[in-house]
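Let me begin by presenting the structure, written as C-alpha cells, before commenting on it.
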Amino acid sequence: MKLDRLQPLSETAWTLTGAAGAAVKLFATRDLLEAMDEKVLEQIANVARLPGLVGAAMTMPDAHWGYGFPIGGVAAFDAEEGGVVSAGGVGFDISCGIRCLRTNLTLEALVPCLEPLADELFRSIPAGVGEEGSLKLSVAELDQVMRGGARWAVERGYGTPEDLDYVEEYGRVEGARPENVSELAKKRQRGEMGTLGSGNHYLEVQVVERIYDREAAQAYGLAEGQIVVSIHCGSRGLGHQIGTDYLVTLARAASRLGIDLPDRELACAPIKSPEGQQYLGAMNAAINCALANRQILTHLAREAFRRVVPGARLDTLFDVSHNTCKVERHRVNGGERRLHVHRKGATRAFGPGHPDLPPRYRAVGQPVIIGGSMGTGSYVLAGVRDNPAFSSASHGAGRAMSRRQALQRWSGRELIDELRGRGILIRTKSMRGAAEEAPGAYKDVDAVAEVTEAAQLARRVAFLKPKICIKG
DNA sequence: ATGTCC
C-alpha cells in the first residue's frame, strides 16, 4: 500500500491522517505495509466507520485482504453504544485456530521414524475438501457438540480432562445456541467432526529450534530439540454454512435498521438486536464445534504417534482460536468496559496475571501461536501486559499473494520435492492445494513474529521448524 | 475457508 495517507506513531504502528484517522491503527513496519494490498487500508477504514466501535479498528502485522474485514483485523464494539456484530468480522472459518502439543520426544530420537510417522499420520488424519471422518453424528449429537465443545469430545473418550485446562475458555464457550444453526449447516457437519479440512489447514510435526525466552519456555514445557505437534483447523462445513446463512440475515437487519454500510460485505447488526443475538448464538455453537474438532484430532494424532513410537506422550500446550467474536472486559481510557472483540485472523493474547489463564501460565502470559506457511516455521509467543490491541496478536505469516497468483507461479509437485530436499516431509491429496500454499505466497513469518514483538503485541518464546506436514 | 458455482 501507499503510505501517503498514513502517519507513523512509531516504527511499528501507524494511523490514518485526517479527522477520523485515529479510529484506524495498523501495526506493521514500513516494509510490511509497502508489501500489503491497498485493500487492507480501505477495508479497515470501512470497519472504523461501523457503529459503536471502541478505540481503533486495527490490523496485525500479518494482515491481508479478506471478505469485508481484513484478515488480521481486530475491532471491539460496545453493545451499550449501538455496537455491532459482523459475520465478516469473524470470518467463514469460525474459530479456526491452532492446538499445539508438546511431546516427550527429541528430534534426534525421532529421525529414523519420520517417514513411517508421516505415512501413519496421513492415514489417520482425514484431510481435504469435503473429507469425512469415521464419526457420523446425528443432528441431536451435533447439538451436544455445539453445546459442549472440547468437553463433549473428552467425555466421548477423545483426549483427557487435562487437555481442557489448556484450551481457551477451558474447552467450551458459553452462549451457544444450536437452535440458531440451520439444518443445512448441521447436515454438512455430520460427517466432518475429526477432520482437518483444506486450504491453509495442516497438522505439523515440528522441532523446537530456538528458545527466545527461557522463563516462558519453561512454563510452556518447551526445550530446544524437542518435538511438538501443531494442528491448524476450524469448524469445517458448519462454520462456513453459518457464515453464509448469517451474511444474508445480518444484511437484512442492517437494511431494516438503516445502518449505513460502507461495504456490503460488512453486513452487521447491533449486538442487542434479535439478528445480532442470533448470530452470536450460532457463532458460539461453531466455536464449540471447532474446539471439539481440534480435540478429536488431538486424540487421532496421539494414536498415530503411539503406533509408530510406543510411549510417545503428546500433552496440550495450548489451543488458540483466531477467528472469533468474544465478550471480554478491557480497560479503555481508565475505565473497564465490556466489549465484543472481533478477531479475524488474530489471536487472543492475554498478558501475565490475567485471571482467565490457567495457573501454570498466569505468571508468563498466554501462549500465542503464529502458524507459519507450509515448510517455513512457526512461533510460540507469550502475551504481554499493556497490549495496545485489546490483547490481540498476529496469527500466522499472512498471505502476500492470492491463491490464483500462486497457482500460476508454482507447481505443487516441485514444491514438495524441494521441501523434501530440505528435510521436510509433505503429505497431501491435493497438488493444487500445495501450490496455492507455496511458502513464497506468504509473508516472511520471521518478520511477522519480530514485528509482533516490536509492536508489543506479544513476545517471542520459541521458534518451531517443521519436519512433517499433513496438508489439507 | 468452502460439498473450491445449486
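The values are calculated or read from the model by the stated rules, or taken from the named source; none is laboratory data. Computed from a prediction, not measured in an experiment: that's the story for all the values here. Note that each Cβ is placed from the backbone with ideal geometry, even for glycine, and that neighbours are counted across all protein chains shown. For the accessible areas, the whole protein counts, side chains as well, though only heavy atoms, and no ligand, DNA or RNA atoms are used. Shrake-Rupley method; radii C 1.70, N 1.55, O 1.52, S 1.80 Å.
For the pair A:Tyr170 and A:Leu184 in one chain, pulling the backbone fully straight at 0.36 nm per residue adds 2.2 nm over the alpha carbon distance. Summing Lys and Arg as +1 and Asp and Glu as -1 over all other residues whose Cβ lies under 14 Å from the Cβ of A:Thr17 gives a net charge of +2. Of all lysines in the structure, the ones whose alpha carbon falls short of 16 Å from that of A:Lys272, not counting any fewer than 8 places away in one chain, are A:Lys326. The order of the peptides A:21-30, A:326-335 by mean Cβ neighbours within 10 Å, most packed first, is A:21-30, A:326-335. Centroid-to-centroid, using Cα positions, the stretch A:137-193 and the stretch A:334-380 are 22 Å apart. Projecting label points 7 angstrom from Cα along Cα→Cβ for A:Arg210 and A:Glu132 puts them 4.6 nm apart. With Rh defined as the Kirkwood radius, the inverse of the mean 1/r over Cα pairs, the Rg/Rh of the stretch A:344-472 is 1.05.
For A:Arg307 and A:Glu141, a Förster radius of 35 Å and the Cβ-Cβ distance give a FRET efficiency of 0.80, rounded to the nearest 0.05. Roughly to the nearest percent, how much of the accessible area of the stretch A:330-472 is carbon and sulfur, given a 1.4 Å probe? Looking at the stretch A:330-472 in its full context, I get 44 percent from C and S. Protein heavy-atom surface of the stretch A:113-262, 1.4 angstrom probe: 47% of the accessible area is carbon and sulfur, with nucleic acids and ligands not counted.
A cut-off of 5 Å between modelled amide H atoms, ignoring neighbours fewer than 5 places along the same chain, links A:Ser392 with A:Ala349.
Ordering A:Ser411, A:Pro439, A:Ala455 by Cα displacement along the dipole of the stretch A:360-456 toward the positive end leaves A:Ser411 in first place; charges were set at the Cβ atoms of Lys, Arg (+1) and Asp, Glu (-1). Measure up A:Lys2/A:Lys471; A:Lys136/A:Lys429; A:Lys429/A:Lys465; A:Lys136/A:Lys465; A:Lys25/A:Lys186 against 28 Å on the Cα-Cα distance and list the ones that go over. Over 28 Å apart, Cα to Cα: A:Lys2/A:Lys471; A:Lys136/A:Lys465; A:Lys25/A:Lys186. Taking a sphere under 13 Å around the Cβ of A:Leu317 and counting the other residues whose Cβ falls inside, with K and R at +1 and D and E at -1, yields a net charge of -1. Using a probe of 1.4 angstrom, how much of the accessible area of the stretch A:1-76 is carbon and sulfur, in percent? The C+S portion of the solvent-accessible surface of the stretch A:1-76 is 52 percent.
Stretched out fully, how many nm does the piece from A:Lys272 to A:Glu155 gain, at 0.36 nm a residue minus the Cα gap?
So the chain would gain 38.7 nm between A:Lys272 and A:Glu155.
In terms of its Cα atoms, the stretch A:285-372 spans 55, 30, 24 Å along the principal axes, sorted from long to short. Computing FRET efficiency as 1/(1 + (r/R0)^6) for A:Arg362 and A:Ala454, where r is the C-beta to C-beta distance and R0 is 25 Å, gives about 0.50. Centre-to-centre separation between the Cα atoms of the stretch A:261-324 and those of the stretch A:215-235: 18 Å. For chain A, a crude dipole built from +1 on the beta carbon of Lys and Arg and -1 on the beta carbon of Asp and Glu, taken about the Cα centre, is about 540 debye to the nearest 20. Accessible surface computed residue by residue for chain A, with neighbouring protein chains in place and a 1.4 Å probe, gives 37 Å² per residue.
The modelled label-to-label distance for the pair A:Leu407/A:His330, using points 7 Å beyond Cα in the direction of Cβ, is 3.7 nm.
Derived scalar couplings between HN and Hα for the stretch A:59-66 equal 10, 8, x, 9, 5, 8, 5, x Hz in order, rounded to whole Hz, by the Karplus curve 6.51 cos²θ - 1.76 cosθ + 1.60 (θ = phi - 60°), x for Gly and Pro.
Between A:Glu224 and A:Gln7, the contour length at 0.36 nm per residue exceeds the alpha carbon distance by 74.1 nm.
Taking the Kirkwood radius as the inverse of the mean 1/r across Cα pairs, report the Rg/Rh of chain A.
0.94
What net charge is computed for the residues neighbouring A:Val139, neighbours being all others with C-beta under 10 Å from the C-beta of A:Val139, Lys and Arg scored +1, Asp and Glu -1? Summing Lys and Arg as +1 and Asp and Glu as -1 gives 0.
Extending 7 Å from Cα along the Cβ direction at A:Val111 and again at A:Thr244 yields two label points whose distance is 4.8 nm.
In whole percents, the pair-distance distribution calculated for the stretch A:73-214 from its alpha-carbon pairs, binned every 5 Å from zero, is 2, 7, 12, 17, 19, 17, 11, 8, 5, 2, 1, 0. Working ranking of peptides A:316-325, A:66-75, A:410-419 by packing, defined as the average number of other Cβ atoms within 10 Å per residue, highest first, is A:66-75, A:316-325, A:410-419.
At 222 nm, what value in deg cm²/dmol follows for chain A if DSSP H runs of at least 4 each add -39500 (n - 2.57) and the sum is divided by all its residues, to the nearest 500? Write out the running numbers ahead of the final one.
On the way: 15 runs with 159 residues, N = 472.
Helix contribution divided over all residues of chain A: -10000 deg cm²/dmol.
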